[in-house]
Amino acid sequence: MISSDIDAGTLLVAGVDEAGRGPLAGPVVAAAVILSPRFPVEGVTDSKKLTPRRREILARTIKERALAWAIARAEVEEIDRINILQASLLAMQRAVAALDPSPHHVQVDGNHCPAFSCPAEAIVGGDGKEAAIGAASILAKVARDEEMVMLDRRYPGYGLARHKGYPTRDHLQAIEKLGVTAIHRRSFKPIREMIEK
C-alpha cells in the first residue's frame, strides 16, 4: 500500500513476532506488519495453528493488503554471541526499523519487548489475540521455512526441509553422522556437547 491509503490521524500499530527460537540450526527471523483497516485479512491467527499451505496463502494476502510489512533476521553467529533471546529481540528491532511508514505503536508477541523508537507492549499469546501480531507470525514462519528448504539443498542429509532445524531425533542423528555445519548454533547445548565430544 502507499501512504495515500492512510487517513490523517490513523494510529499505525505494528504487530511483531519471530520464528525460529527453538531450532538448532539457521537464523531467527522476525516480521513486522501494519495492517490496513480498509483491507482486512480474514483467517489471520497464530501461525502454528495453520497448515503450511494456509500460511503461504495468507502470507501472500498479507503482503498485498498490509500498509507496511518487513522481514528481518539475526544470524547464527549473532545468536551464538548474544544468546537466542537477545538475537530474537534484535531481529524484531530490525524488522520494525524497516517499516515504511513507521508505526506509532508496536505490539510484540510474548513477554519480552525490545526498545523501539515508539511506545511498545509485549502481549503473551498475542499472535492469537491481535491480528497484526498474527500476520507477523505468519510472515516470519513462512520466510524462515522457505530459507530452511534452501539450506536443505546446501546441506543435504540433515533433513532441514522436513524439520526446519528443530532438535528432532532424525536431526540429532544426522549431526552425529555428518558433523556440525556452519549453520548450527554452537551455543545450544546439543551442538555444544557434540563439539566437545
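The numbers here are math on the coordinates, done by the rules we state, and not lab data. Since the structure is predicted, the reported quantities are computational estimates derived from the model, not experimental observations. Heads up, the Cβs are rebuilt from the backbone with ideal geometry, glycines too, and the neighbour counts pull from every protein chain shown.
Give me the extension gain from HIS112 to GLU56: residue separation times 0.36 nm, minus the current Cα-Cα distance, reported in nm with one decimal.
Numbers: separation 56, 0.36 × 56 = 20.16 nm, distance 2.71 nm.
Stretched out fully, the HIS112 to GLU56 stretch lengthens by 17.4 nm.
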Starting from the Cα-Cα distance between LYS63 and LYS129, subtract it from 0.36 nm times their residue separation and give me the gain in nm to one decimal. 21.8 nm
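Among LEU12, LEU58, what is the fewest-to-most ranking by other Cβ atoms within 10 Å?
By the 10 Å Cβ count, ascending, the order reads LEU12, LEU58.
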Please give the helix 52-65 orientation as an angle from the longest Cα principal axis of the chain, in degrees from 0 to 90, rounded to the nearest 10. 40 degrees
Given charges at Cβ of Lys, Arg, Asp, Glu: the stretch 58-135 dipole, positive-most of ALA97, VAL108, ILE62: ILE62
Across the Cα atoms of the chain, what radius of gyration and what greatest pairwise Cα-Cα distance (Dmax) are found, in Å? 17.4, 61
Multiply the residue gap between LEU172 and LYS189 by 0.36 nm, knock off their C-alpha separation, and tell me the result in nm, one decimal place. 4.9 nm
Spin-label point model (7 Å from Cα, Cβ direction): what's the ALA97 to ARG21 distance in nm? 2.1 nm
Determine, for the chain, the count of lysine pairs separated by eight or more sequence positions (or lying on different chains) whose alpha-carbon distance falls under 22 Å. 17
When the charge dipole of the chain is computed with +1 at the Cβ of Lys and Arg and -1 at the Cβ of Asp and Glu, the Cα pointing farthest to the positive end, of LEU178, PRO52, ALA31, is that of LEU178
